[in-house]
1. What full-extension length gain, to one decimal in nm, is calculated for Asp685 and Asp598 as 0.36 nm per residue of separation minus the Cα-Cα distance?
2. Gap in Å between the Cα centre of the stretch 108-177 and the Cα centre of the stretch 491-553?
3. Tell me which residues come under 5 Å, amide H to amide H, from Ala189 once H is placed; ignore anything under 5 positions away on its chain.
4. Based on other C-beta atoms within 10 Å, arrange Leu280, Leu331, Leu316, Leu143 from fewest to most.
5. Please turn the phi angles of the stretch 311-318 into ³J(HN,Hα) values with the Karplus equation 6.51 cos²θ - 1.76 cosθ + 1.60 (θ = phi - 60°), one per residue in order, whole Hz, x for glycine and proline.
6. I need to check one value: relative contact order of the stretch 544-694, counting alpha carbon pairs closer than 8 Å and at least 6 residues apart, in percent.
7. Which FRET efficiency value, to the nearest 0.05, is calculated for Leu727 and Leu144 with the Förster distance at 30 angstrom and r the Cβ-Cβ distance?
8. Can you pull the one-decimal nm distance between simple spin-label points at Glu216 and Leu695, each 7 Å off the Cα toward Cβ?
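Taken together, the values in this text are just the output of simple stated rules run on the coordinates, not laboratory data. Note that the structure is predicted; figures quoted are calculated from it, not measured. Don't worry about glycine lacking a Cβ; one is built from the backbone with ideal geometry, like all the others, and counts go over all protein chains shown.
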Amino acid sequence: MTLLASVMMWGVAAVTVPIALHFFYRARYKPLPWAPMKFLKEAIEQTSRRLKFQEWLLLLLRCLALILLAFAIARPGWENATSAGSNETIDAVFVFDTSYSMAARDGEKTRIERAKDAAIAVLETLPNKSSIQVYSCSDRAILLGPVSRYNRDQAKQLIQSIEVTSLSTDFLPGLNDALTAAETGTAPAKEIYVFSDLQKSGFERQQGAVRAQCEEIKNRKAGLIFIRCSNPERKVSNVSIIDVKLFATIPHTRTRVPFVVTIRNTGREQIRNVKVSLELDGKPVENVVSVEQIDPGSNAEVTLTGSLDEAGARLLAVYVDGDGIDGDNVLYKIVGVRDKVRVLLVAYPFAGLPATDAGDWFARKALVPFDSERDKDKIEKYFIETESVLPHEVGPDKLAGKDIVYLLNAPARTDDPLAGLSPAFVTKLTEFVKNGGGLVIGCGDMVKSDAYNRVLGASGAGLLPLPLGEVRNTTDASPFTPAPESVATPSALTPPDEKERKAFHGWLPKATLTRMIHLDEAPQGAVGSRVLMRTTEGKPLVASRVVGEGEVIFFATSLDETWGRMMSDGFLAIPMTTYIVAHLTNRKVPGGTRMAGDTLTWTPNVTAPGFELVKPRPRGAKSGEKTRPRVKIGEAKAEVGQKPSVSTTDSLVAGEYAIVPVGATDMDGITFAVNPDLRETENLDVISDGDLEKLLGFRPTIIQAGAGTETAVRERRTRGEWTEWVLLFLLLLLIVEATWAWSCGRAK
């Protein structure tokens, strides 16, 4: 129990008044002897005890009446009640769950529609001059308004305009901001309303913090009311799109590729006749495919085949239809489609051989696996093109238009101008990698550790993943051997599926090595680096380092036959090279795939007075239609030592986004594919009243959204305070006291 106006209990002191009057007005007399009174003495003594009892009982009733009056003025109530009376102003905060499960349909209306109706009903119950603030909440809280917290008309408009996002549920941010907002008001009563389907996952993600915050709301004497907008008895069917894979390691034009779509039944019931479709840049790839049946918790795969006609960053969209929640019925992916992949091979020649047969032969064969004489036509049409050049002849101009550079046994610069890479080329190579290019380095006899550390290491260009040490030698009888289990996942050496992984790992132990350079993994040398593969004795064999937007992959052995058999077997060399090329070229795909709510960042190569975020186009709109809304996101800003970049977190709805200069077309910037947060539908169970009480440690007010919402809110405020009941009891007590006084007076 609590007293909402405890200072009024000082009124209990008024009980001293009837007590004082009782003793002050007691009959005062002097005994006077009178002979007839002696005969009445016995009768008086018999009635005096009854009269005293009546007087003391009247005194008790009058004192109790004063105590009850003070108690009523102090406004007693339940501990979890607000201080709002029937007409007292309230600072109300409405928190709307806008996760995409709120778009599920329970009967004739969606959950978000029920939430809006319930909010309008609660708004009507607020006394005059009460304030209202509206928040949306998923995994973050956003203040929607109104501008003036006392403007009810604007609050109603805001409520009606609320839409669901592609985010998942987390109640903590909304509860935190709601309490802060409520306490900024001046009304004596605070009420926080949470309109939600009350999914368990929203309470369990940060369970301890949610419980603590709800207890804090309770301790601050604010009312916490959950408005349930779902039907706990209704099971919602749902299918989520888990992934879509292209069965083309390096997507390129003039090919048809199979797309494998994985979907999952995350509901509690079997789903039948789920339809799957796929679009590329808004154009259907193939006819809709139906999945006959998916059991609860099971996955299903669907294969659709489409043509890749245009080079560039293409937007792939997969759709499903036939379940109860639309929010996760789409999955987007940015696919980098290549017309050509151009590779520059900088290699030191084998002794006694011309430059055309230099040490890049094995790498060239792995990149373009055709016979140079027999398959000339195939080589010309193939999507990978190579250009070979000697280390001392390569210049900065050779990097123009290239995607990947191989340094194969290429010596670093020495005092001899004909002995290695020129400083101008190294400078341009560093810029090339930072701008998204790929660099693969293979060792050999011409790779000197001191020179490489000085020219390409941390003190030079900063391209080496790890500092180089001495060359380690062994014999053919006890060679260095790659350890398949050490391959990092995901990485440039990760096969696209399980079948290829087994084949690739099966061939790795056959790549025996007799020489390799030691790589220093000491903390000062390993910052920002990653070991992709080790030998069976645990030594680093392949390492990588992200430099700017590009990546460097370093082999501690040669990519020919001088130091081992890493590239001499096509069953290993060709797939490994393909994985590396696919990984490095994908880094140059602008934008990329993100999850709803992620930060979208672009480092533009143009100067502009400001930038805009181009938001998703509605499904079904043609790419040429100007239907995509835009919002300004400011100018590009730079951290110390970094290039200027522009960022935004306004990616709350799944779809295609672009960041462009102000006034530019949608194609003049960078494109992002934003997908729904699948954590929302991993568990569709809603929490019961009893489970919520256990989770929070106390029983909050839970009201079912619907026709009785307004009545339930009013009754809650009435039940929360006992004042009316105390006053009613006081009235009955006064009636009893008056009746008793009249009865006693009549008896006299």
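1. Numbers: separation 87, 0.36 × 87 = 31.32 nm, distance 2.58 nm.
The Asp685-Asp598 span can extend by a further 28.7 nm.
2. Cα centres, the stretch 491-553 to the stretch 108-177: 52 Å.
3. Asp91
4. Details: Leu280 19, Leu331 25, Leu316 22, Leu143 12.
By the 10 Å Cβ count, ascending, the order reads Leu143, Leu280, Leu316, Leu331.
5. Once θ is set to phi - 60°, the couplings for the stretch 311-318 become 7, x, 7, 9, 9, 9, 10, 10 Hz.
6. For the stretch 544-694, the relative contact order is 23 percent.
7. Working: r = 41 Å, r/R0 = 1.35.
E(calc), rounded to 0.05, equals 0.15.
8. So the label points at Glu216 and Leu695 sit 1.9 nm apart.
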